[in-house]
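Reading through the structure tokens given below for one structure.
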Amino acid sequence: MLALIAENGGLDATVHVGGMVDFLHGGIRLGSHDLFVTEACEYVESFLTLHPTVVLINNIDNDHLDYFKTMDNIVNAFRKFVARMPADGLFVGCTDDSHVRQLLGEFGGRKTTYGLDLTNSPDYYPADVHYDELGCASFDLMHRGERLGRVTLHVPGQHNMLDAIAASAVALEHGTDIQTVITALARFRSVQRRFEYYGERNGVRVFHDYAHHPAEIRAAMDCALRTPHKKLFVVFQCNSFTRARTLFTENVDCFRGADKVLVPDIYPGREKDDGSVHARDMVAGINAQTNNAEYIPTFEQINDYLLHNAAAGDIVLTLGSGDVYKQTKLFLQ
């Protein structure tokens, strides 16, 4: 979103993001301007090789625990990242996240905030929010009580509204005209593998999302539940035994509202199965919450189940960062 705002404002920025974006024709673009917009990754603290002048932190989640081991270590990595800014750097943080609030409170430099929860007094926030029939938000963008303009998005879900406010905050703090921001956000379309529409079979619409962490799963579920449907079938392929084990409690509580959750075997990724957790355990955990999950080991069996149980008007949402996206495409063939 921020890269598109820059483009809309006439800045030929260099851009590096972790997904395939239509207007970039990929995930990387080399520009002629000295502005560099990158999606930094905290895994193995790789973002500490960067020298940012602006740091935007949406949230700090308990991910990559195979490396970090504890939440305190994750927060400290982000603390070190913020500290890499120069004295005149800008820290833009989401006040909805308690860990980000902690870092904002510690930071003595220039900063601005955004969020949805007004009890945390964010600088930028939405008002008069409406969602269309596809779950896309329109809202008044507010800054410390002042209405800046009306934003209309064409990507679904509350998380995309929050992202739009974040990108707006960065742009506006650097003097970008509000109309440039509004026009760019109206142009924005989803990144590939983020609630991406894959197609339809027998009247069943199929979506896929790369979500493999509870916060991402909840965001994808929010999109699906806001999309008109009769029944919602979710296929969740957990990526890695570490995530299945360390995020177990959070993962199994993400599927409220689904009519059926189908869970295949865990995708091992870079790990070996040590026998400490199984997809059956996840099914039992989900069923303890919502009683709507079933263990089906292979995608061949899952595809057969969907062909016999999903009907016209239903939605299939597949989730995961493993090979589930390939299997999703096979279902459509």
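The values are calculated or read from the model by the stated rules, or taken from the named source; none is laboratory data. What you see is a predicted model, and the numbers here were worked out from it, not measured in a lab. Heads up, the Cβs are rebuilt from the backbone with ideal geometry, glycines too, and the neighbour counts pull from every protein chain shown.
Values for this structure:
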| item | result |
| --- | --- |
| Restricting the stretch 279-289 to residues that are surrounded by 16 or more Cβ atoms within 10 Å (Cβ to Cβ) and modelled with pLDDT under 90, the residue that is nearest to the chain's Cα centre (by Cα) | Met282 |
| Selected residue (criterion: farthest from His64 (Cα to Cα)) from residues of the stretch 246-278 that are among the small types (Gly, Ala, Ser) and surrounded by 15 or more Cβ atoms within 10 Å (Cβ to Cβ) | Ala258 |
| The stretch 294-333, residues that are closer than 14 Å to Val261 by Cβ and among the aliphatic types (A, V, I, L, M) | Ile296, Ile302, Leu306, Ala310, Ile315, Val316, Leu317, Leu319, Val324 |
| Gly320 in contact with a strand residue (DSSP E or B) (Cβ under 7 Å, 6 or more places away or on another chain) and closer than 20 Å to Leu225 by Cβ | yes |
| Single unsatisfied condition, Ala284 versus (1) in contact with an Asp or Glu (Cβ under 6 Å, 6 or more places away or on another chain); (2) over 23 Å from Thr227 (Cβ atoms) | (1) |
| Pairs, first of a type in the set (Lys, Arg) in the stretch 130-159, second part of a strand (DSSP E or B) and modelled with pLDDT of 90 or more, C-beta under 7 Å, six or more apart | Arg147/Asp140; Arg150/Ser138; Arg150/Asp140 |
| Close pairs (6 angstrom Cβ cut-off, 6 or more residues apart or separate chains): polar (S, T, N, Q) in the stretch 169-193, assigned to a helix (DSSP H, G or I) anywhere | Thr180/Asn8; Thr183/Asn8 |
| Enumeration of residues in the stretch 174-199 that are within 16 Å of Asn58 (Cβ to Cβ) and among the charged types (D, E, K, R) | Arg194 |
| Residue in the stretch 223-233 that is closer than 22 Å to Asp273 by Cβ and not small (Gly, Ala, Ser) present | no |
| Hey, Phe107 touching a strand residue (DSSP E or B) at 6+ places or on another chain (Cβ under 6 Å), without any contact (Cβ under 8 Å) to a residue 60 or more places away in the chain and either hydrophobic (A, V, I, L, M, F, W, C) or on the phi < 0 side of the Ramachandran plot (or both) or not | yes |
| Residue within the stretch 262-271 that is touching a Ser or Thr at 6+ places or on another chain (Cβ under 9 Å), among the basic types (Lys, Arg), at pLDDT below 80 and not assigned by TED's automatic domain parsing to the domain that holds Asp63 present | yes |
| Pick from the stretch 139-164, criterion among the charged types (D, E, K, R) and under 16 Å from Ile5 (Cα atoms), ranking: surrounded by the most Cβ atoms within 10 Å (Cβ to Cβ) | Asp163 |
| Residue count for the stretch 290-333, restricted to those that are under 22 Å from Glu250 (Cβ atoms), surrounded by 20 or more Cβ atoms within 10 Å (Cβ to Cβ) and polar (S, T, N, Q) | 2 |
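Matching residues to (1) among the small types (Gly, Ala, Ser); (2) modelled with pLDDT under 95:
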{"site": "Ile57", "(1), (2)": "no, no"}
{"site": "Ile60", "(1), (2)": "no, yes"}
{"site": "Leu65", "(1), (2)": "no, yes"}
{"site": "Lys69", "(1), (2)": "no, yes"}
{"site": "Phe78", "(1), (2)": "no, no"}
{"site": "Ala83", "(1), (2)": "yes, no"}
{"site": "Pro86", "(1), (2)": "no, no"}
{"site": "Cys94", "(1), (2)": "no, no"}
{"site": "Asp97", "(1), (2)": "no, no"}
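Rundown of residues vs (1) under 14 Å from Arg201 (Cβ atoms); (2) out of contact with any helix residue (DSSP H, G or I) (no Cβ under 6 Å at 6 or more places or on another chain); (3) in contact (Cβ under 8 Å) with a residue 12 or more places away in the chain, yes/no style:
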{"site": "Arg280", "(1), (2), (3)": "no, yes, yes"}
{"site": "Ala284", "(1), (2), (3)": "no, yes, no"}
{"site": "Ala288", "(1), (2), (3)": "no, yes, yes"}
{"site": "Glu294", "(1), (2), (3)": "no, yes, yes"}
{"site": "Phe299", "(1), (2), (3)": "no, no, yes"}
{"site": "Leu307", "(1), (2), (3)": "yes, yes, yes"}
{"site": "Ala310", "(1), (2), (3)": "yes, yes, yes"}
{"site": "Tyr325", "(1), (2), (3)": "no, yes, yes"}
{"site": "Lys329", "(1), (2), (3)": "yes, yes, yes"}
